[in-house]
There are 2 protein chains.
Amino acid sequence: MKLPVSTEWLLHCTATLAQLEPGASASAAQLALYYDVPAAYLAKQLQELVKAGVLTATTGPRGGFRLARPASEITLLRIVEAVDGTSAPYECREIRQQGRGALAPEECRSICVLAEKMAEAHEAWRSSLAGVSLADVIATLPATAPARTRSRLASTRPS
Amino acid sequence: MKLPVSTEWLLHCTATLAQLEPGASASAAQLALYYDVPAAYLAKQLQELVKAGVLTATTGPRGGFRLARPASEITLLRIVEAVDGTSAPYECREIRQQGRGALAPEECRSICVLAEKMAEAHEAWRSSLAGVSLADVIATLPATAPARTRSRLASTRPS
DNA sequence: GATAATGTACTCGGATATGTTGTGTCCGAGTTGTTCTGG
DNA sequence: CCAGAACAACTCGGACACAACATATCCGAGTACATTATC
C-alpha cells in the first residue's frame with residue numbers, strides 16, 4: 001500500500017496555490033521550479049486535479065492553474081483521491097465463495113466480516129483526511145508565509 | 001494506494017487457522033485448495049506471516065502452519081502489515097526544502113503540516129484495524145462454522 | 001514380538017521469470033499578449 | 001495618433017518509453033511417519 005510520490009507534490013502545490021491572490025494563477029513550469037520536481041510529470045498530475053474539479057486551468061501566456069473553489073472547501077481527501085483514485089485499497093473478491101470451502105450464496109447475503117472491517121478502516125482514513133481543508137493548513141503557517149510564497153513563486157515566471 | 005491481492009487470502013487463511021483445534025495445523029497446499037488460489041504464491045506469503053511472528057511453521061508430513069499466538073492477540077493490523085509492510089503509504093520527502101521555494105532548515109524543525117495530517121490519517125487506519133482481533137472475527141460466525149471449516153479443510157489433505 | 005535402520009512422501013524455504021502500474025518524457029493544439037503596419 | 005492584423009511565446013493536453021513492484025512459478029533442503037529387516 002503506497003501512495004504515488006506525486007501525492008506530496010500536489011498537496012504542496014495546492015497549498016501554494018491557496019496562498020495566491022484571488023484570480024492569480026501559476027503554471028506547471030513555475031510550480032516545478034518552485035519544488036524542483038519534473039515539470040512534465042507534475043503537469044500530468046495537475047491535469048488530474050482539473051478533471052476532479054479541484055483546480056481550473058487556463059492556457060496561453062499568464063495562464064496556469066488556480067483553485068476551482070475556496071480553500072476552505074477543498075479537503076485533503078479530495079486532493080489525494082484525485083491523484084490516486086477513489087478505489088479502496090482492499091478489494092474483496094469473495095474468495096469465501098471459491099474452492100473447497102465455498103460457502104452457499106445464501107450465506108453470503110451479508111458482507112464478509114473481514115471486508116467490512118477493512119472498509120471501516122478505510123473510512124476512518126477518509127474521515128481523517130476529509131476533516132482537514134487547505135484553509136486549515138494555511139492557517140497553521142506564519143502570517144508572513146503567503147507573501148513570501150507569492151514573491152518566490154513570481155521569481156520562477158519566465159521572461 | 002492498493003493492497004496486494006494476497007492480503008485477502010491471508011486474512012481468510014488466518015481466520016481459518018483460528019478455527020482449528022489447538023495444536024492442529026494446515027499446509028499451504030490445503031489452504032490453497034480451500035480457497036482456490038495459487039499454492040506456491042500463497043506459501044510465499046504465509047512465510048511472511050511466519051517472519052512476522054503471526055504463524056509458526058512445521059515441516060514434514062502432517063506439518064503446516066498454525067497460529068503463533070491466541071487468536072485474541074492477533075489483530076488484523078498485524079496480518080496486514082506482515083503482508084504489505086509497516087511503512088506508511090505517504091512518505092514525506094521534504095520537498096519544502098527543495099527548489100526556489102526552499103525553506104530554511106531552522107523553519108523545518110517541526111514536521112510538515114501536510115505530512116502530519118497524512119500521518120494522522122494513517123494512524124486512524126491503523127487504530128481501526130488494531131481494534132479487531134481474529135477472535136472478534138470468529139465470534140461473528142455461526143456457532144456451526146468452525147466444525148464445518150475443519151471438516152472441509154480436512155478433505156483437502158492428501159492421501 | 002520388539003527394535004532399529006531405511007526409505008518415502010510430504011512439508012517449508014528461497015531463488016527465478018512475467019505482467020501491470022507508477023514514473024518520466026516528449027511533442028502538438030490552442031490562446032493570449034505583443035508588435036508591426038497601414039490609415 | 002489609432003486600429004487592425006499578423007506574429008510569437010507561452011500555456012495546457014494527450015500520446016509515447018522506462019522502471020519498479022506485485023504476481024506467479026519452480027526446484028531444493030529438511031523432517032516425520034511408515035515400512036521393513038533383523039535380533
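Any read-out appearing in this document is the output of simple, stated calculations on the displayed coordinates, not a laboratory observation. Computed from a predicted structure; not experimentally measured. Using ideal geometry, Cβ is built from the backbone for each residue, glycine included, and neighbour counts are taken over all protein chains shown.
Taking the label point 7 Å along Cα→Cβ, residue A:85 and its counterparts in the other copies are spaced 1.9 nm apart, in ascending order.
Among the listed pairs B:51/B:117; A:44/B:2; B:2/B:117, which have their C-alpha atoms separated by more than 26 angstrom in this model? In this structure, B:51/B:117 exceed 26 Å between Cα atoms. Taking every alpha-carbon pair under 8 Å whose residues sit at least 6 apart, the stretch A:46-129 reaches a relative contact order of 23 percent. Quick one: net charge around residue B:112, please, counting Lys, Arg +1 and Asp, Glu -1 for every other residue with C-beta under 15 Å from its C-beta. Spelling it out: positives minus negatives among the neighbours equals -4. Below 13 angstrom from the Cβ of residue B:151, what's the summed charge of the other residues (Lys, Arg +1; Asp, Glu -1)? For residues surrounding residue B:151, the net value is +4.
Net charge in the neighbourhood of residue A:95 (other residues with Cβ under 12 Å of its Cβ; Lys, Arg +1, Asp, Glu -1) is -1.
Counting neighbouring beta carbons within 10 Å and listing from fewest to most, the residues B:126, B:100 come out as B:100, B:126.
Between residue A:73 and residue A:97, the modelled label-to-label distance comes to 4.1 nm, taking each label 7 Å out from Cα in the direction of the beta carbon. Each residue of the stretch B:92-100 was assigned a 3J(HN,Hα) from its phi angle through the Karplus curve 6.51 cos²θ - 1.76 cosθ + 1.60 (θ = phi - 60°); the sequence is 6, 9, 6, 6, 5, 9, 10, x, 4 Hz, with glycine and proline shown as x. Helical runs (DSSP H, four residues minimum) scored at -39500 (n - 2.57) apiece and divided by the length of chain B put the mean residue ellipticity at 222 nm at -14500 deg cm²/dmol. Within 10 Å of the Cβ of each residue in B:132-143, the mean number of Cβ atoms contributed by other protein chains is 2. Principal axis extents of the Cα atoms in the stretch A:57-137, from largest to smallest and rounded to whole angstrom, are 64, 29, 15.
Averaged over peptide B:108-121, the number of partner chain Cβ atoms lying within 10 Å of each residue's Cβ comes to 5. Starting from the label point of residue B:157 at 7 Å along Cα→Cβ, the same points in the other copies fall at 7.7 nm, in ascending order.
A simple spin-label model places pseudo-atoms 7 Å from Cα toward Cβ; at residue A:21 and residue B:62 they are separated by 8.4 nm. Close amide H partners of residue A:90, meaning residues 5 or more places away or on another chain with modelled amide H under 5 Å apart, are B:3.
To the nearest ten degrees, helix B:6-17 and the longest principal axis of the Cα atoms of chain B are 40 degrees apart.
Treating each Cα of the stretch A:1-49 as one equal point scatterer and applying the Debye formula with no solvent, the log10 of I(q)/I(0) at q = 0.13, 0.20, 0.28 Å⁻¹ comes out as -0.28, -0.64, -1.15.
Evaluating 6.51 cos²θ - 1.76 cosθ + 1.60 at θ = phi - 60° for every residue in the stretch B:143-154, the Karplus couplings come out as 4, 8, 4, x, 4, 5, 4, 4, 5, 5, 5, 5 Hz, glycine and proline recorded as x. Nearest 10 degrees is fine. How inclined is helix A:39-51 to the longest principal axis of chain A, computing both from alpha carbons? Relative to chain A, helix A:39-51 is tipped by roughly 60 degrees. For the stretch A:79-85, 3J(HN,Hα) computed residue by residue from phi via the Karplus equation (6.51, -1.76, 1.60; θ = phi - 60°) reads 5, 4, 6, 5, 7, 9, x Hz, glycine and proline entered as x.
Here residue A:111 yields copy-to-copy label distances, from shortest upward, of 2.9 nm, the label point defined as 7 Å from Cα along Cα to C-beta.
Taking every C-alpha pair closer than 8 Å and separated by at least 6 residues, the mean separation divided by the residue count of the stretch B:6-154 gives a relative contact order of 31 percent.
For the stretch B:6-154, the spread of Cα positions along the three principal axes, ordered from largest to smallest, is 65, 31, 23 Å.
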